[in-house]
């Protein structure tokens, strides 16, 4: 083995050990300790310095195989995308901070294990996310079907509870008294998405020379919109956004008529296609996240049993955010669980009404570290995403 292979081998052994330890910890405690994350960061620094030394020795003809200077530039591009995507996942209330930090450590470490990692540096982060969420979603669907079959076999009336809830939710959305308002919400959302993709297409035309092909594909926009959808949807319904949106449409078509008339309708067609694709991804993805990953893991607690660290379900969180007395405590809620201040605020609100004893829907912590670890291992072993591997089956 040459020096480069030895460094990569030690990086692989460390990652397997760290991933296993963190996955076991997440399964048993639903927490990822900062101690293990810090250990991962320290190792990344050590392996970075080892590669840097090997590159220096190679340039002095003292090492036969070494990484070129371009690798280190790509490495920092990879770190930027990983950092931004992890922040989005945490801010979008998809992952708690521990999972987001483990994702960062894992994806930063992969190029040190496999220097030719597919998608490195621009798309490695999304390849790992595809692996992670596709695998966990397949498992969740299979688990949901098996549990439903078992419950049906036992004549459990809750066998299709989630599906009936979804049906009622859709029917309520289009009920006669709310139909017009909800159709307007859909229209504003569609127009909001369309103008975002139209702006993207315009950037592609005029800035490709300066920023390269990184903006050509809509993956990053899909990713951000999908995972912060609850926040984005509310923005689309605000009056300020609607005024700004119509102003952007007028500016786009006015400038387009004079400066890019031939591309105007081509851009519109591409943007429309992206909106349709994203809508399908959002609908299917949200169904899996909200109804399969969450609904079967829900439980109810009374106010006296409410504790710090408990994770409210999507429905409970929405109720807290819409409550005028609790709204200020939940404007910036993250997936790390209820804080002591939030628990005390809920109890104070409940105690204002004598005899009031509501139940709150909480959700069991979902151990995602193992899926992140497995998603990274697939990338390391096959140098492909799960979707590419599934196509070959």
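For this structure, a couple of remarks:
- Highest average packing first - 111-120, 145-154, Cβ atoms within 10 Å: 111-120, 145-154
- Rounded to 0.05, the FRET efficiency of the residue 77 and residue 262 pair, given R0 = 30 Å and the Cβ-Cβ distance, is 0.35.
- Taking only alpha carbon atoms, the stretch 1-54 gives an Rg to Rh ratio of 1.09, where Rh is the Kirkwood radius.
- Helix-only CD estimate at 222 nm, as mean residue ellipticity for the chain, using -39500 (n - 2.57) per DSSP H run (n ≥ 4): -24000 deg cm²/dmol
- Over the chain, equivalent-ellipsoid semi-axes from the Cα gyration tensor in Å: 39, 32, 20
- Calculated FRET value between residue 46 and residue 175, using beta carbons and R₀ = 56 Å, to 0.05: 0.40
- Modelled spin labels at residue 234 and residue 300, positioned 7 Å past Cα toward Cβ, are 2.7 nm from each other.
- As a proxy for reagent exposure, 376, 298 were ordered by neighbouring Cβ count within 10 angstrom, fewest first; the result is 298, 376.
- Cβ-based exposure ranking for 104, 205, in which fewest neighbours within 10 Å come first: 205, 104
- Counting neighbouring Cβ atoms within 10 Å and putting the fewest first, the residues 81, 260 line up as 260, 81.
- Alpha-carbon centroids, the stretch 36-54 and the stretch 95-134: separation in whole Å: 16
- Dividing the C-alpha radius of gyration of the stretch 306-357 by 2.2 N^0.38 Å, with N its residue count, gives 1.07.
- Relative counts (whole %) of C-alpha pair distances in the stretch 46-187, using bins that are 5 Å wide: 2, 8, 11, 12, 10, 10, 11, 10, 8, 5, 4, 4, 3, 2, 1, 0
Read-outs throughout are calculated quantities, based only on the coordinates presented, and are distinct from any laboratory measurement. Nothing here was measured: the structure is a model prediction, and the numbers come from that model. Glycine gets a Cβ as well: all are built from the backbone with ideal geometry, and neighbour counts include every protein chain shown.
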